[in-house]
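Take a look at the structure below.
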Amino acid sequence: MASFQDPPWIANEGQEVTINVENRLASEGISVHWHGIHQMNTPWMDGVGLVTQCPINPQSSFRYSFKATPSGTFWYHSHTGAQRTDGLFGALIIRENSSREETIRQELNRFGIGQFEDLPNQHTLTLLDWQQEASLDLFTQLSTSGFYTDIPIGQVPKPDDTPYGATKSYDGGDVGPVPYFSGIINGLGRHIDVPYIQTRLSNFTVENGMMYRFRLIGAQGVYAYKFSIDGHKLIVLATDGFLVEPVCEVDYIIIHTGERYDFLLNATQPGDLENYWITAETLEIEPGQNCTSMGHVAEAILHYGQSDDAPISSLEYEAIKTNSPTRQCEMDNRCRAVNCPFEYFP
(Lines give C-alpha, C1' and ligand atoms only; values in the text may rest on other atoms or scores of the structure.)
Protein backbone atom coordinates (compact mmCIF):
# COMPACT_ATOMS: atom_id res chain seq x y z
CA MET A 1 0.00 0.00 0.00
CA ALA A 2 1.47 3.35 -0.98
CA SER A 3 1.34 6.33 1.38
CA PHE A 4 -1.02 9.13 0.35
CA GLN A 5 -0.55 11.36 3.38
CA ASP A 6 1.47 14.58 3.59
CA PRO A 7 3.99 15.15 6.39
CA PRO A 8 2.68 17.26 9.30
CA TRP A 9 2.14 20.94 8.60
CA ILE A 10 4.01 22.84 11.31
CA ALA A 11 3.57 26.51 12.29
CA ASN A 12 4.78 28.61 15.20
CA GLU A 13 2.33 30.01 17.73
CA GLY A 14 1.14 33.46 16.67
CA GLN A 15 2.23 33.11 13.04
CA GLU A 16 -0.09 34.19 10.25
CA VAL A 17 -0.90 31.03 8.25
CA THR A 18 -1.84 31.28 4.58
CA ILE A 19 -2.90 28.17 2.64
CA ASN A 20 -4.09 28.07 -0.95
CA VAL A 21 -6.52 25.21 -1.64
CA GLU A 22 -7.17 24.26 -5.26
CA ASN A 23 -10.04 21.88 -6.06
CA ARG A 24 -9.10 19.59 -8.93
CA LEU A 25 -12.00 17.18 -8.43
CA ALA A 26 -14.28 16.75 -11.41
CA SER A 27 -17.67 17.22 -9.78
CA GLU A 28 -17.47 17.72 -5.98
CA GLY A 29 -17.04 20.90 -3.99
CA ILE A 30 -14.64 20.87 -1.06
CA SER A 31 -13.86 22.85 2.08
CA VAL A 32 -11.06 22.41 4.61
CA HIS A 33 -11.67 22.64 8.35
CA TRP A 34 -8.80 23.44 10.72
CA HIS A 35 -9.84 21.15 13.57
CA GLY A 36 -9.18 22.71 16.97
CA ILE A 37 -8.12 26.16 15.76
CA HIS A 38 -10.36 28.71 17.50
CA GLN A 39 -10.49 31.14 14.56
CA MET A 40 -10.89 34.15 16.83
CA ASN A 41 -11.79 37.12 14.60
CA THR A 42 -11.67 34.89 11.50
CA PRO A 43 -14.77 32.63 11.75
CA TRP A 44 -15.16 32.69 7.98
CA MET A 45 -11.91 30.73 7.73
CA ASP A 46 -13.22 27.77 9.75
CA GLY A 47 -13.76 25.74 6.59
CA VAL A 48 -17.19 24.19 7.21
CA GLY A 49 -18.93 23.96 3.86
CA LEU A 50 -22.38 25.61 3.66
CA VAL A 51 -21.94 27.00 7.20
CA THR A 52 -18.93 29.33 7.28
CA GLN A 53 -18.27 29.35 3.53
CA CYS A 54 -19.54 28.13 0.20
CA PRO A 55 -17.74 24.97 -0.91
CA ILE A 56 -14.80 25.47 -3.27
CA ASN A 57 -16.18 24.49 -6.67
CA PRO A 58 -14.33 22.14 -9.03
CA GLN A 59 -11.46 23.85 -10.87
CA SER A 60 -11.63 26.74 -8.38
CA SER A 61 -9.43 27.79 -5.48
CA PHE A 62 -9.73 29.48 -2.09
CA ARG A 63 -7.14 31.09 0.17
CA TYR A 64 -7.37 30.39 3.90
CA SER A 65 -5.64 32.84 6.20
CA PHE A 66 -5.69 32.75 10.01
CA LYS A 67 -3.49 33.15 13.08
CA ALA A 68 -1.81 30.01 14.43
CA THR A 69 -3.33 29.92 17.89
CA PRO A 70 -3.61 28.20 20.31
CA SER A 71 -0.51 26.00 20.33
CA GLY A 72 -0.91 22.25 20.37
CA THR A 73 -1.73 19.21 18.26
CA PHE A 74 -4.46 19.76 15.67
CA TRP A 75 -5.39 18.54 12.23
CA TYR A 76 -7.07 19.66 9.04
CA HIS A 77 -9.65 17.76 7.04
CA SER A 78 -12.35 18.12 4.45
CA HIS A 79 -15.69 19.23 5.87
CA THR A 80 -17.67 18.41 2.74
CA GLY A 81 -19.38 15.07 2.15
CA ALA A 82 -17.32 12.02 3.12
CA GLN A 83 -14.01 13.18 1.63
CA ARG A 84 -12.16 13.20 4.94
CA THR A 85 -12.06 9.43 5.34
CA ASP A 86 -11.04 8.99 1.71
CA GLY A 87 -7.80 10.83 2.44
CA LEU A 88 -8.36 14.60 2.53
CA PHE A 89 -6.80 15.21 5.96
CA GLY A 90 -3.48 15.72 7.68
CA ALA A 91 -1.70 16.80 10.85
CA LEU A 92 -1.46 20.47 11.84
CA ILE A 93 1.02 21.22 14.64
CA ILE A 94 1.28 24.64 16.28
CA ARG A 95 4.61 24.89 18.12
CA GLU A 96 4.63 26.80 21.42
CA ASN A 97 6.51 30.10 21.46
CA SER A 98 9.75 30.06 23.45
CA SER A 99 8.31 31.59 26.64
CA ARG A 100 5.33 29.23 26.73
CA GLU A 101 7.55 26.23 26.00
CA GLU A 102 9.80 27.18 28.91
CA THR A 103 6.76 27.54 31.19
CA ILE A 104 5.52 24.08 30.16
CA ARG A 105 8.88 22.46 30.81
CA GLN A 106 9.14 24.13 34.24
CA GLU A 107 5.64 22.94 35.12
CA LEU A 108 6.48 19.38 34.06
CA ASN A 109 9.58 19.49 36.28
CA ARG A 110 7.21 19.68 39.26
CA PHE A 111 6.07 16.18 38.32
CA GLY A 112 9.58 14.82 37.96
CA ILE A 113 9.61 15.04 34.17
CA GLY A 114 12.95 16.18 32.79
CA GLN A 115 14.14 17.24 29.37
CA PHE A 116 12.56 15.80 26.25
CA GLU A 117 12.84 16.20 22.49
CA ASP A 118 9.87 17.62 20.58
CA LEU A 119 10.18 16.64 16.90
CA PRO A 120 6.68 16.80 15.39
CA ASN A 121 7.98 16.18 11.87
CA GLN A 122 9.26 12.77 13.07
CA HIS A 123 6.94 11.76 15.90
CA THR A 124 3.38 12.60 14.81
CA LEU A 125 1.08 9.60 14.25
CA THR A 126 -2.22 9.87 12.40
CA LEU A 127 -4.62 6.90 12.59
CA LEU A 128 -7.22 5.96 9.99
CA ASP A 129 -9.55 3.02 9.45
CA TRP A 130 -9.27 2.52 5.69
CA GLN A 131 -12.26 0.93 3.94
CA GLN A 132 -12.52 -1.00 0.70
CA GLU A 133 -15.42 1.06 -0.64
CA ALA A 134 -15.57 4.81 -1.09
CA SER A 135 -16.74 6.55 2.08
CA LEU A 136 -19.67 8.27 0.38
CA ASP A 137 -20.97 4.90 -0.84
CA LEU A 138 -20.73 3.47 2.67
CA PHE A 139 -22.42 6.52 4.18
CA THR A 140 -25.26 6.26 1.65
CA GLN A 141 -25.79 2.58 2.41
CA LEU A 142 -25.78 3.07 6.18
CA SER A 143 -28.20 6.00 5.88
CA THR A 144 -30.69 4.06 3.75
CA SER A 145 -30.96 0.30 3.46
CA GLY A 146 -28.02 -0.69 5.65
CA PHE A 147 -24.82 -2.55 4.82
CA TYR A 148 -24.90 -6.04 3.32
CA THR A 149 -21.94 -8.40 3.04
CA ASP A 150 -23.58 -11.26 1.14
CA ILE A 151 -24.46 -9.37 -2.05
CA PRO A 152 -22.18 -7.82 -4.70
CA ILE A 153 -21.14 -4.19 -4.31
CA GLY A 154 -23.71 -1.94 -5.98
CA GLN A 155 -26.53 -4.48 -6.01
CA VAL A 156 -29.83 -3.44 -4.43
CA PRO A 157 -30.66 -5.72 -1.46
CA LYS A 158 -33.79 -7.88 -1.55
CA PRO A 159 -36.22 -8.20 1.37
CA ASP A 160 -34.85 -11.61 2.34
CA ASP A 161 -31.20 -10.43 2.43
CA THR A 162 -29.72 -10.09 5.91
CA PRO A 163 -28.03 -6.79 6.78
CA TYR A 164 -24.66 -6.75 8.49
CA GLY A 165 -24.88 -6.86 12.30
CA ALA A 166 -22.68 -4.39 14.16
CA THR A 167 -19.76 -5.80 16.13
CA LYS A 168 -19.73 -5.30 19.91
CA SER A 169 -17.36 -3.77 22.45
CA TYR A 170 -16.38 -4.91 25.94
CA ASP A 171 -19.63 -3.60 27.43
CA GLY A 172 -21.90 -4.92 24.66
CA GLY A 173 -22.27 -1.62 22.83
CA ASP A 174 -22.32 -1.41 19.03
CA VAL A 175 -18.91 -0.65 17.53
CA GLY A 176 -18.64 -1.34 13.82
CA PRO A 177 -21.61 -0.81 11.47
CA VAL A 178 -19.45 -2.02 8.55
CA PRO A 179 -16.78 -4.76 8.48
CA TYR A 180 -13.29 -3.61 9.38
CA PHE A 181 -11.09 -3.68 6.27
CA SER A 182 -7.70 -2.24 7.28
CA GLY A 183 -5.98 0.36 9.44
CA ILE A 184 -3.17 2.71 8.49
CA ILE A 185 -0.75 4.94 10.40
CA ASN A 186 0.63 7.93 8.51
CA GLY A 187 -0.70 6.52 5.26
CA LEU A 188 0.90 3.07 5.53
CA GLY A 189 -0.57 -0.26 6.65
CA ARG A 190 -2.01 -3.54 5.52
CA HIS A 191 -5.16 -5.59 5.12
CA ILE A 192 -5.25 -8.66 7.35
CA ASP A 193 -5.12 -10.97 4.31
CA VAL A 194 -1.96 -9.35 2.93
CA PRO A 195 1.37 -10.86 4.08
CA TYR A 196 3.66 -8.44 5.91
CA ILE A 197 6.33 -8.97 3.27
CA GLN A 198 4.03 -7.36 0.69
CA THR A 199 3.31 -4.18 2.58
CA ARG A 200 4.96 -1.15 4.17
CA LEU A 201 4.59 0.14 7.73
CA SER A 202 5.52 3.54 9.15
CA ASN A 203 8.69 3.69 11.28
CA PHE A 204 9.34 6.11 14.16
CA THR A 205 12.96 6.44 15.25
CA VAL A 206 14.26 7.21 18.75
CA GLU A 207 17.65 7.06 20.45
CA ASN A 208 18.26 5.04 23.59
CA GLY A 209 18.34 7.15 26.76
CA MET A 210 16.29 10.03 25.37
CA MET A 211 12.73 11.13 26.08
CA TYR A 212 10.43 12.23 23.26
CA ARG A 213 7.12 13.99 22.80
CA PHE A 214 4.80 12.11 20.47
CA ARG A 215 1.56 13.43 19.00
CA LEU A 216 -1.35 11.09 18.24
CA ILE A 217 -4.27 12.08 15.99
CA GLY A 218 -7.49 10.10 15.51
CA ALA A 219 -8.64 10.59 11.91
CA GLN A 220 -10.81 7.48 11.87
CA GLY A 221 -14.18 7.40 10.18
CA VAL A 222 -15.87 4.67 12.25
CA TYR A 223 -13.71 2.85 14.78
CA ALA A 224 -12.14 3.98 18.04
CA TYR A 225 -8.67 2.56 18.69
CA LYS A 226 -6.74 1.54 21.78
CA PHE A 227 -3.17 2.61 21.11
CA SER A 228 -0.03 1.10 22.64
CA ILE A 229 3.70 0.66 22.09
CA ASP A 230 5.09 -2.72 23.13
CA GLY A 231 7.54 -2.63 26.03
CA HIS A 232 6.92 1.04 26.83
CA LYS A 233 4.80 3.01 29.28
CA LEU A 234 3.48 6.37 28.13
CA ILE A 235 3.09 9.70 29.93
CA VAL A 236 0.04 11.59 28.65
CA LEU A 237 0.63 15.35 28.55
CA ALA A 238 -2.22 16.86 26.57
CA THR A 239 -5.55 16.13 24.95
CA ASP A 240 -7.18 17.99 22.07
CA GLY A 241 -4.43 20.60 22.13
CA PHE A 242 -4.62 21.42 25.84
CA LEU A 243 -2.16 20.40 28.55
CA VAL A 244 -3.37 18.22 31.41
CA GLU A 245 -1.77 17.07 34.61
CA PRO A 246 0.58 14.30 33.45
CA VAL A 247 -0.84 10.79 33.57
CA CYS A 248 2.05 8.36 34.04
CA GLU A 249 2.53 4.63 33.57
CA VAL A 250 -0.07 4.47 30.77
CA ASP A 251 -0.39 1.21 28.82
CA TYR A 252 -3.16 2.26 26.43
CA ILE A 253 -4.65 5.43 25.03
CA ILE A 254 -8.20 5.00 23.76
CA ILE A 255 -8.70 7.51 20.97
CA HIS A 256 -11.91 8.31 19.10
CA THR A 257 -12.53 10.20 15.88
CA GLY A 258 -11.17 13.75 16.01
CA GLU A 259 -9.33 13.35 19.31
CA ARG A 260 -5.64 14.13 19.82
CA TYR A 261 -3.22 13.09 22.54
CA ASP A 262 0.32 14.23 23.27
CA PHE A 263 2.44 11.77 25.23
CA LEU A 264 6.03 11.33 26.31
CA LEU A 265 7.95 8.16 25.58
CA ASN A 266 11.02 7.30 27.66
CA ALA A 267 13.29 5.48 25.21
CA THR A 268 14.83 2.92 27.55
CA GLN A 269 15.12 0.14 24.94
CA PRO A 270 13.78 -2.68 27.17
CA GLY A 271 15.26 -6.07 26.32
CA ASP A 272 17.86 -4.38 24.08
CA LEU A 273 15.71 -4.89 21.00
CA GLU A 274 16.10 -2.54 18.05
CA ASN A 275 12.42 -2.53 17.10
CA TYR A 276 9.10 -2.60 18.95
CA TRP A 277 5.58 -3.07 17.63
CA ILE A 278 3.15 -0.14 17.65
CA THR A 279 -0.52 -1.14 17.64
CA ALA A 280 -3.82 0.68 17.34
CA GLU A 281 -6.53 -1.94 17.92
CA THR A 282 -10.28 -1.55 17.62
CA LEU A 283 -12.52 -2.12 20.65
CA GLU A 284 -14.32 -5.02 19.00
CA ILE A 285 -14.54 -8.40 20.73
CA GLU A 286 -15.33 -11.83 19.36
CA PRO A 287 -19.05 -12.77 19.60
CA GLY A 288 -19.80 -14.55 22.86
CA GLN A 289 -16.41 -13.64 24.35
CA ASN A 290 -15.92 -11.18 27.19
CA CYS A 291 -12.50 -9.80 26.35
CA THR A 292 -11.17 -11.61 23.27
CA SER A 293 -10.26 -8.99 20.70
CA MET A 294 -11.16 -9.49 17.06
CA GLY A 295 -7.61 -8.44 16.21
CA HIS A 296 -8.49 -5.57 13.89
CA VAL A 297 -5.50 -3.24 13.95
CA ALA A 298 -3.37 -0.50 12.45
CA GLU A 299 0.35 -1.13 12.92
CA ALA A 300 3.71 0.64 12.84
CA ILE A 301 7.22 0.20 14.28
CA LEU A 302 9.22 2.04 16.94
CA HIS A 303 12.88 1.86 15.88
CA TYR A 304 15.96 2.50 18.03
CA GLY A 305 18.67 4.07 15.91
CA GLN A 306 19.43 7.26 13.99
CA SER A 307 16.94 9.40 12.09
CA ASP A 308 18.79 8.73 8.84
CA ASP A 309 18.69 4.93 9.21
CA ALA A 310 17.41 3.07 6.17
CA PRO A 311 13.71 2.06 6.35
CA ILE A 312 13.13 -1.31 7.96
CA SER A 313 12.68 -4.06 5.40
CA SER A 314 9.29 -5.77 5.27
CA LEU A 315 11.23 -9.04 5.46
CA GLU A 316 11.76 -8.22 9.15
CA TYR A 317 8.17 -7.37 10.10
CA GLU A 318 7.05 -10.83 11.19
CA ALA A 319 10.11 -11.34 13.42
CA ILE A 320 9.76 -7.86 14.94
CA LYS A 321 6.12 -8.52 15.82
CA THR A 322 6.90 -11.98 17.25
CA ASN A 323 9.76 -10.76 19.45
CA SER A 324 8.13 -7.55 20.61
CA PRO A 325 7.21 -7.67 24.36
CA THR A 326 3.41 -7.32 24.48
CA ARG A 327 1.60 -6.14 27.62
CA GLN A 328 -0.59 -8.75 29.30
CA CYS A 329 -3.48 -7.35 31.38
CA GLU A 330 -4.24 -9.48 34.45
CA MET A 331 -6.39 -9.14 37.55
CA ASP A 332 -3.34 -8.72 39.81
CA ASN A 333 -1.48 -6.63 37.22
CA ARG A 334 -4.08 -4.33 35.73
CA CYS A 335 -3.45 -2.25 32.65
CA ARG A 336 -3.88 1.51 32.77
CA ALA A 337 -5.87 3.09 29.96
CA VAL A 338 -6.48 6.80 29.39
CA ASN A 339 -9.92 7.86 28.09
CA CYS A 340 -11.38 4.45 28.93
CA PRO A 341 -15.21 4.40 28.73
CA PHE A 342 -15.56 0.96 30.34
CA GLU A 343 -16.10 0.13 33.99
CA TYR A 344 -13.87 -2.92 33.55
CA PHE A 345 -10.99 -2.89 31.11
CA PRO A 346 -8.98 -6.04 30.32
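The values are calculated or read from the model by the stated rules, or taken from the named source; none is laboratory data. Everything numeric here is computed off the predicted structure, so don't read it as measured data. Quick reminder, even Gly has a Cβ in these numbers, built from the backbone with ideal geometry, and neighbours come from all protein chains shown. All accessible areas refer to the heavy atoms of the entire protein, side chains included, with ligands and DNA or RNA removed. Shrake-Rupley method; radii C 1.70, N 1.55, O 1.52, S 1.80 Å.
Estimated at 0.36 nm per residue, the fully extended path between His256 and Met210 surpasses their Cα-Cα distance by 13.7 nm.
When Glu117, Glu96 are compared by accessible area at a 1.4 angstrom probe, the order from most to least is Glu117, Glu96.
Calculated FRET efficiency, Glu102 to Ala166, Cβ-Cβ distance, R0 = 56 Å: about 0.70 to the nearest 0.05. Put simply, the amide H of Gly189, placed in the peptide plane, has neighbours under 5 Å in Arg200, leaving out anything fewer than 5 places away on its chain. Separation of region 86-126 from region 214-271 is 13 Å, based on Cα centroids. Here the gap between Gln132 and Asp240, fully extended at 0.36 nm per residue and compared with their Cα-Cα distance, gives a gain of 36.0 nm. Mean residue ellipticity, 222 nm, helices only, the chain: the sum of -39500 (n - 2.57) across DSSP H runs of n ≥ 4, divided by residue count and rounded to 500, is -2500 deg cm²/dmol.
Couplings 3J(HN,Hα) for region 163-178, derived from phi with the Karplus relation 6.51 cos²θ - 1.76 cosθ + 1.60 (θ = phi - 60°), are x, 5, x, 4, 6, 10, 9, 4, 9, x, x, 5, 10, x, x, 10 Hz, where x marks Gly and Pro. Extension gain, Asn323 to Ser307: 0.36 nm times the residue separation minus the Cα-Cα distance gives 3.5 nm. A Cβ-based charge dipole, computed about the Cα centre of the chain with Lys and Arg at +1 and Asp and Glu at -1, lands at about 620 debye. Solvent exposure of region 188-250, expressed per residue, is 36 Å² of accessible area, with all protein chains present and a 1.4 angstrom probe.
Just going by the charge dipole of the chain, with Lys and Arg at +1 and Asp and Glu at -1 on Cβ, which of Ile253, Gly154, Leu237 is farthest out on the positive end? The residue sitting farthest along the positive end of the dipole is Leu237. State whether region 161-284 is rounded, prolate or oblate according to the following rule on the C-alpha gyration tensor (a ≥ b ≥ c being the square roots of its eigenvalues): a/c under 1.5 gives rounded; otherwise a/b larger than b/c gives prolate, and the remaining case gives oblate. Here region 161-284 falls in the oblate category. Go ahead and collect, in residue order, the members of region 305-346 whose backbone nitrogen is under 14 Å from a label point 7 Å along the Cα-Cβ direction of Ile197. What the label zone holds, given the 14 Å backbone N cut-off, is 313-319. Here the peptides 310-321, 63-74 are ranked by packing, the mean other Cβ count within 10 Å, and the order with the highest first is 63-74, 310-321.
Of all DSSP beta bridges located in the chain, what percent are antiparallel, nearest 5? Here the share of antiparallel DSSP bridges comes out near 75 percent. The mean sequence separation of alpha-carbon pairs under 8 Å and at least six residues apart, normalised by the residue count of the chain, gives a relative contact order of 17 percent. Model label sites at Leu25 and Leu50, defined 7 Å from Cα along the beta-carbon direction, differ in position by 1.2 nm. Loop-resident trypsin sites (Lys or Arg not before Pro) (DSSP state other than H, G, I, E or B) in region 78-145 with no more than 11 further Cβ atoms inside 10 Å of their Cβ: Arg110.
The HN-Hα couplings worked out from phi for region 110-122 by the Karplus form 6.51 cos²θ - 1.76 cosθ + 1.60 (θ = phi - 60°) are 4, 9, x, 9, x, 5, 8, 8, 10, 10, x, 6, 10 Hz, whole numbers, x standing for Gly and Pro. Note on region 96-242: antiparallel DSSP beta bridges, both residues inside, total approximately 60 percent of the bridges counted. Protection proxy ranking of 157-170, 324-337, by the mean of other Cβ atoms within 10 Å over each peptide's residues and highest first, is 157-170, 324-337. The charge dipole of region 209-346, taken about its Cα centre with unit charges on the Cβ atoms of Lys, Arg (+1), Asp and Glu (-1) only, comes to about 280 debye. Working from label points 7 Å from Cα in the Cα-to-Cβ sense, the Ser293 to Ser61 distance is 4.5 nm.
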